[in-house]
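The values are calculated or read from the model by the stated rules, or taken from the named source; none is laboratory data. Here the structure is a predicted model, which means the values were calculated and not measured. Every residue, glycine as well, gets a Cβ built from its backbone with ideal geometry; the counts of neighbours run over all protein chains shown. These accessible areas exclude ligands, DNA and RNA; they are computed on the full protein's heavy atoms, side chains included. Shrake-Rupley method; radii C 1.70, N 1.55, O 1.52, S 1.80 Å.
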Amino acid sequence: MELRSDYFVGRPETAPQRSLLKACGFTDEELKKPLIAVVSAHSEIVPGHINLDKIAAAVKAGVYAAGGTPVLVPAIGVCDGIAMGHIGMKFSLPSRELIADSVETMVTAHLFDGMVLVPNCDKIVPGMVMAACRLNLPAVVVSGGPMLAGNVCGEEVSLSKMFESVGAHKAGLIDDKQLDDITARCCPGCGSCAGMYSANSMNCLCEAIGIGLPGNGTIPAVFSERTILAKHAGEAIVDMVKKNITARDIINERSIKNAVACDMALGCSSNSVLHLLAIAHEAGVELDLNMFNEVSEKTPNLCHLAPAGPTHMQDLYYAGGVQAVLSELLRGGMIDGGCMTVTGKTVKENLDGVKLSKAQNAIRPLENPYTKTGGLAILFGNIAKNGCVVKRSAVAPEMLRHEGKARVFNGEEEAIAAIYAGKINHGDVVVIKYEGPKGGPGMREMLNPTSALAGMGLDKSVALITDGRFSGASRGASIGHVSPEAAAGGEFALIEEGDVIQIDIPAYSVHLKVTDEELERRRKAWKCPEKEIPGKWLKRYAAMVSSADKGAILS
C-alpha cells in the first residue's frame, strides 16, 4: 500500500522535509506509518469546543493503538449563540468556507493520508465535511457531543428557553430574579447546546450520512462513552486508510438522500438545508430544494426535540439515538441500507439488532408519527421564486396556514427594536430584508427576533420571513433563506408595509397578494440600500457567495 506520506520516507530528495518532521519529534518508525491529521476546533470561547482537546487526545490514542501516527492540527470555530444579535453573526456562515479551505490547505500541504475531524458546533461540522468531500481522502467525523439539558424549577431547559426568556422579561412576564436563575442554569456545562439546534442537527446527520460513527450525534459530551467513541474513531481511520475507503465512497447521492430523510424524521434545524446543499456540491452530487419536499412527503416526523417539544439530546440518546431513528426508516423502506459507512460496514449492517424501545418518549414509531410529512418544508411563491425554508415541526398547528399584514424592516436591528417596543400585533407578518448571503452580508441568524416573539407569546399568531437564517433554536412560523434575496433584486425586496402575505406551509406556498403589474412598478423604482460592510473578508465573501438555494457556497 502506497501512502501519500511515503513521499517523506527513505528518499534522499526529501531529507530536508524529514529533518523538519524530526524537529517536531517524529521518529523514523512513526513516519513509516499512516500519517493522520487530527483536525481539532478546540478553543476556550465556545462551550461546544472546550472539551475538544480531550476528544482529540482520545482520537490520537486510538490512531496510535491501530498503528497510525496522529498529528494535531487546528481549525477555527464561531459560537453562534455568543455571536448572536451583533456584528459577530455576520462572520458565522462565512466561517464555514474558511474552515473548509483551511482543512484543505493543512491536509494537502502536509500530505496526510487520512483525517479525523473533531468539530462540534454549527458551521464547523459542515465546513470540515465539505473539506473531506473536496479532498476525497479517508475521513471520520467525531464531534464533542451535546450538552446536557439544564434544569429550572424542575423543567428541562436549553438555550432556546434562555433566548425566549429575554422576550418574556421585556414583556414583563418574568422578573430580574427569574431571568438570572434561567441564565445560571440553562447551560450546565460543555457540549453543543442541548436541543435539536444546528450543531446537533449536523452531528446527527454526519451519523446518518455515514461519515460519523454510530453515537456521534447523541452521546453526551460529559459521558465517558464519548471518549471511547473518539478512540474508536482513531482506530477506524487507520482501517479506512488501509482499505482505501475515502470520503466520497461514503458521501454520495444515495447517502445524502439518507441524510435528508433522517433530517425530516428528526426535525433538524433549517440550517441543515444550507449545509447539505454545500456538502453535496463538494461531493459532486446534484441536489436542489425540490428534493427536500419530495423526501418530506414520504418521510414522517418522528421527533420533537427542543425547540419543537420538551425533549432534549440526552433523551434522544437514551432512546437509542440516530441509529434507532434510522432503524425505523429502514423498516419503512425510507432509506438505502446498502450505503457504506466509516465502520467499514453498510447502514443495514450497522443497524443489525437495533430496535426502537417503547419505554421512551423521544422517538415515535412509524405507525404513530407527529406528522406524516417531514420536519422541514421548502416554500415557493412570488416572493421566493427559488424557495425558502421553514422548520415545520416547530410551527404551531394554527400557524401552518396564515395570512397577515407585512411589517417591513431593513435589517434585524430595526425589527428587534420594534418587537421589544411592543409594536408588533397579533396576525402580523414580520419581514426582515437585506440579511441574505450577499445583503447581510453573511446571512445572519434571527434568533433574537424569533425568541422575542415566542417569549412574548406571539409565536402562535405572528409569522416572520427573512432572506437571512434562523437558529435551530427558533420556533414558530419562522421562514428563512428567501431566494432570490433582497440585495440581489429578488421580489422579496419589493414588499411594502401593509401588504398582505399568505402562507400555506402544507401546500409549500408563500404568496404576496400584490399584482404582477404593481410588483413591476415597484421594481422600476427600487434601489438597493447602501450598507457599509465591515472588514475585508466580508467584502470578498459578499462578492463571491452564491444564493441560499445553492447552499451559500463560494463561486
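Here are some notes:
- Candidates in segment 523-538 are the residues that are free of Cβ contacts under 8 Å to residues at least 40 places away in the same chain and under 26 Å from the mean Cα position of the chain (by Cα); of these, the one that is surrounded by the most Cβ atoms within 10 Å (Cβ to Cβ) is Gly535.
- Just one residue in the set Leu512, Leu519 is surrounded by 20 or more Cβ atoms within 10 Å (Cβ to Cβ) and either among the aliphatic types (A, V, I, L, M) or over 30 Å from Ala396 (Cα atoms) (or both); that residue is Leu512.
- Count of segment 9-50 residues which are of a type in the set (A, V, I, L, M), closer than 23 Å to Tyr197 by Cα and free of Cβ contacts under 8 Å to residues at least 40 places away in the same chain: 1
Listed here are the residues, each with its yes/no results for (1) open to solvent by 10 Å² or more (accessible area, probe 1.4 Å); (2) among the small types (Gly, Ala, Ser).
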| position | (1), (2) |
| --- | --- |
| Ser192 | no, yes |
| Met196 | no, no |
| Ser201 | no, yes |
| Cys206 | no, no |
| Gly210 | no, yes |
| Pro214 | yes, no |
| Ile219 | no, no |
| Ala230 | no, yes |
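- Taking the conditions (1) open to solvent by 20 Å² or more (accessible area, probe 1.4 Å); (2) in a helix (DSSP H, G or I); (3) without any contact (Cβ under 8 Å) to a residue 40 or more places away in the chain in turn, Glu398 satisfies each one other than (3).
- Asn410 being of a type in the set (S, T, N, Q), open to solvent by 10 Å² or more (accessible area, probe 1.4 Å) and within 30 Å of Ile553 (Cα to Cα): yes
To keep it simple, each residue is scored yes or no on (1) open to solvent by 20 Å² or more (accessible area, probe 1.4 Å); (2) touching a residue at least 12 places away in the same chain (Cβ under 8 Å); (3) not aromatic (Phe, Trp, Tyr).
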| position | (1), (2), (3) |
| --- | --- |
| Val125 | no, yes, yes |
| Gly144 | no, yes, yes |
| Val157 | no, yes, yes |
| Met162 | yes, yes, yes |
| Ile174 | yes, no, yes |
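Each row is one residue, and each column tells you yes or no for (1) closer than 13 Å to Ile211 by Cα; (2) among the charged types (D, E, K, R); (3) out of contact with any helix residue (DSSP H, G or I) (no Cβ under 7 Å at 6 or more places or on another chain); (4) surrounded by fewer than 20 Cβ atoms within 10 Å (Cβ to Cβ).
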| residue | (1), (2), (3), (4) |
| --- | --- |
| Ala236 | yes, no, yes, no |
| Ala247 | yes, no, no, no |
| Val260 | no, no, no, no |
| Ala265 | no, no, no, no |
| Leu274 | no, no, no, no |
| Leu277 | no, no, no, no |
| Val285 | no, no, no, yes |
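- Residue within segment 416-427 that is part of a strand (DSSP E or B) and modelled with pLDDT of 95 or more present: no
- All of (1) over 27 Å from Cys187 (Cβ atoms); (2) open to solvent by less than 20 Å² (accessible area, probe 1.4 Å); (3) of a type outside the set (D, E, K, R); (4) not in a loop (DSSP other than H, G, I, E, B) hold for Asn290 with one exception: (2).
- Residues of segment 42-65 classified as in a loop (DSSP other than H, G, I, E, B) and open to solvent by less than 40 Å² (accessible area, probe 1.4 Å), total: 5
- Answer residue from segment 83-123, given it is of a type in the set (Asp, Glu) and under 15 Å from the mean Cα position of the chain (by Cα) and is surrounded by the most Cβ atoms within 10 Å (Cβ to Cβ) among those: Asp122
- Considering Glu518, Glu496, the condition of being of a type in the set (Asp, Glu), in a loop (DSSP other than H, G, I, E, B) and either over 29 Å from Ala199 (Cα atoms) or in contact with a strand residue (DSSP E or B) (Cβ under 7 Å, 6 or more places away or on another chain) (or both) is satisfied by Glu496 alone.
- Check on Glu207, of a type in the set (Asp, Glu), closer than 28 Å to Cys303 by Cα and at pLDDT 95 or above: yes
- All positions within segment 180-234 that are in a helix (DSSP H, G or I) and in contact with a Phe, Trp or Tyr (Cβ under 8 Å, 6 or more places away or on another chain): Gly234
- Taken residue by residue, segment 444-457 has no member that is basic (Lys, Arg) and open to solvent by 10 Å² or more (accessible area, probe 1.4 Å).
- Condition broken by Gly284, with the remaining ones in (1) out of contact with any Leu (no Cβ under 7 Å at 6 or more places or on another chain); (2) small (Gly, Ala, Ser); (3) part of a helix (DSSP H, G or I) satisfied: (3)
- Scan of segment 463-485 for residues that are farther than 18 Å from Ala308 by Cβ, hydrophobic (A, V, I, L, M, F, W, C) and part of a loop (DSSP other than H, G, I, E, B), ordered by number: Val482
- The selection criterion, being assigned to a loop (DSSP other than H, G, I, E, B) and either of a type in the set (S, T, N, Q) or over 26 Å from Gly85 (Cβ atoms) (or both), holds for Asp352.
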